[in-house]
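The values are calculated or read from the model by the stated rules, or taken from the named source; none is laboratory data. Since the structure is predicted, the reported quantities are computational estimates derived from the model, not experimental observations. Note that we place each Cβ from the backbone using ideal geometry, even for glycine, and neighbour counts take in every protein chain shown.
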Amino acid sequence: MHPTAAVPGLSGPILSLPPTFRWGVATSAYQIEGAVAEDGRTPSIWDTFCRVPGAVADGDHADVACDHYHRMPQDVALIKDLGVDTYRFSVAWPRVQPHGRGPVNPRGMAFYDRLVDELLASGIDPWVTLYHWDLPQELEDAGGWPVRDTAYRFADYSMMVFDALSDRVDTWFTLNEPWCSAWLGYVSGDHAPGRKDFAAGMAAKHHLLLGHGLATRRMRAAAARDLQFGIALNLAAARPVTDTDLDRAAARRADGFSVRIYLDALRYGRYPDDVLADLADRDVTIPVHDGDLETISAPIDVLGVNFYFGQLFSGTDEAGNTTGPDGMPVVRDVPQDVPHTAMGWPITPDRFTELLLRLSQDYPDLPIVITENGAAFDDTADSAGFVRDEGRTEYLVDHIGAVALARQQGADIRGFFAWSLMDNFEWGYGYTQRFGIVRVDYDTQARTPKMSALWFRDTIRRIRER
Ligand code: IFM
């Protein structure tokens, strides 16, 4: 840790967080591991997508990324130095079950076995995410998430990991941000596998949730001790830009496709009527079989909330049209006059509090953990590699404060995980965006905690000591 960096003090609502509050850092396999062709790993959809010209900024890929696969013990030591109690990582499906079906790959699984042991030996709780977007390419070749069988393949794979690690891992998240897998992967085509097919995206969404339900049921039934199961969702905080009927309808549609289509299914075993009606207007139906929604709504113990920004929606485009080129109602994300991160994302901590309170009201009796929150900024490192990342630090101060405010108003929020432990491969943005609280020098693979990491460490310590 940089010894001399002056970091902002601790004040405001953050001080109300209890000493028992859980603190962690999060990563995902494809974004940090590298070693994409080692020990029997096969290509995932992201390995393939990265080779598509123009798909990823600068033609980047994650063949090496942060080289975490080879530097894992040092990275665990880094996590320990941050003083967090938990590390949330994901398992690479093509590493542990290279063909997406069939037997376990013992060499791939051994990596996660060692990681879990290293974490526990360092006093850090391992929290596993089973799927953070790296579908084995062979399963995509067989149709990917739009195909029902993929849900069953996911449940089998989940059990494989569960059998290997559940003697030591207490908390299991099935999917990370299924909205991204379905929408960015199959509707907009911005993420792997890069398809642009609305109906396929809706089928993918349903099969992702079905896979979650199948895996959750099977893991819970097999659990030999008390474990926690959950899912991590990126939830839009959608508000109309004005109070007109048109803008309110646009916000309702955005909310329906990003929040309620997931949480109504997961909590109440139903898809919202208004979303089904919107889909019917497009001649799209969700391929629901008898019993699917019951499976999807298998009880969970924790909701992971990933939050980055809130949005304002308008029902008219910039020219004033109310229907788009596809003949569908306009749902326009309106630029906001607030500071933005390097991703161009508006900084809206108040919307975080608003979202958390809304979740507690609409989906009560479900403990929440903030499984991701953080920001990319254009970092400048000094000659020692230290980054005085005031913007990121301020972002964390404001967003952890927003969480504390929601808690004070009754939301049951149990922990906060910074995204991300270290700079990493930011999907379509390649290495152009840095989300880490620890800097990675990609030439040398040196890791240097930034000012935000020091602030995070000091905050955790002070809250625990109170
Ligand atoms: O880097 C991603 C992560 O993989 C999923 N949630 C959002 C982060 C920032 O874009």
Review point. Could we say that A376 is surrounded by 18 or more Cβ atoms within 10 Å (Cβ to Cβ) and over 28 Å from A62 (Cβ atoms) here?
Key: no
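Residues are listed down the side, and each one gets a yes or a no for (1) under 25 Å from L15 (Cβ atoms); (2) surrounded by fewer than 21 Cβ atoms within 10 Å (Cβ to Cβ); (3) modelled with pLDDT of 95 or more:
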position	(1), (2), (3)
Q408	yes, yes, yes
I413	yes, no, yes
F417	yes, no, yes
F425	no, no, yes
G430	no, yes, yes
I437	yes, no, yes
D441	no, yes, yes
P449	yes, no, yes
Check your understanding: Does I261 satisfy the condition of being in contact with a strand residue (DSSP E or B) (Cβ under 6 Å, 6 or more places away or on another chain) and crowded, with 22+ Cβ neighbours inside 10 Å?
Key -> no
Exercise for review: Examine region 374-387 for a residue that is more than 16 Å from the ligand (Cβ to nearest atom), modelled with pLDDT of 95 or more and part of a helix (DSSP H, G or I), and state whether such a residue exists.
Suggested key: no
Exercise for review: Mind telling me which of the residues A151, A203, A199 ends up being touching a Leu at 6+ places or on another chain (Cβ under 6 Å), over 30 Å from E118 (Cβ atoms) and not basic (K, R)?
Suggested key: A151
Check your understanding: Taking region 388-436, which residues are under 24 Å from V64 (Cβ atoms) and among the β-branched types (V, I, T)?
Key -> T432
Review point. In region 342-373, which residues are touching a Phe, Trp or Tyr at 6+ places or on another chain (Cβ under 9 Å), in contact (Cβ under 8 Å) with a residue 60 or more places away in the chain and either buried (at least 17 other Cβ atoms within 10 Å of the Cβ) or not in a loop (DSSP other than H, G, I, E, B) (or both)?
Key: A342, T348, R351, F352, L355, Y363, V369, I370, T371, E372, N373
Exercise for review: Return a yes/no flag: does region 85-105 have any residue that is more than 26 Å from K196 (Cβ to Cβ), surrounded by fewer than 23 Cβ atoms within 10 Å (Cβ to Cβ) and free of Cβ contacts under 8 Å to residues at least 24 places away in the same chain.
Suggested key: yes
Study note, to complete from the structure: Wholly inside region 192-309, strands (runs of 3 or more DSSP E) that include 3 or more residues that are without any contact (Cβ under 8 Å) to a residue 40 or more places away in the chain and within 16 Å of the ligand (Cβ to nearest atom) are none
Exercise for review: Hey, could you check region 329-367 for residues that are within 16 Å of the ligand (Cβ to nearest atom) and of a type in the set (G, A, S) and say which is farthest from R248 (Cα to Cα)?
Suggested key: A342
Study note, to complete from the structure: Picked from region 177-191 (must be in contact (Cβ under 8 Å) with a residue 40 or more places away in the chain and hydroxyl-bearing (S, T, Y)), the residue nearest to the ligand (Cβ to nearest atom) is S181
Review point. So is G34 modelled with pLDDT of 95 or more and either under 18 Å from the mean Cα position of the chain (by Cα) or more than 30 Å from G144 (Cα to Cα) (or both) or not?
Key: no
Review point. If you check F456 against the conditions, is it closer than 21 Å to I400 by Cβ and surrounded by 20 or more Cβ atoms within 10 Å (Cβ to Cβ)?
Key: yes
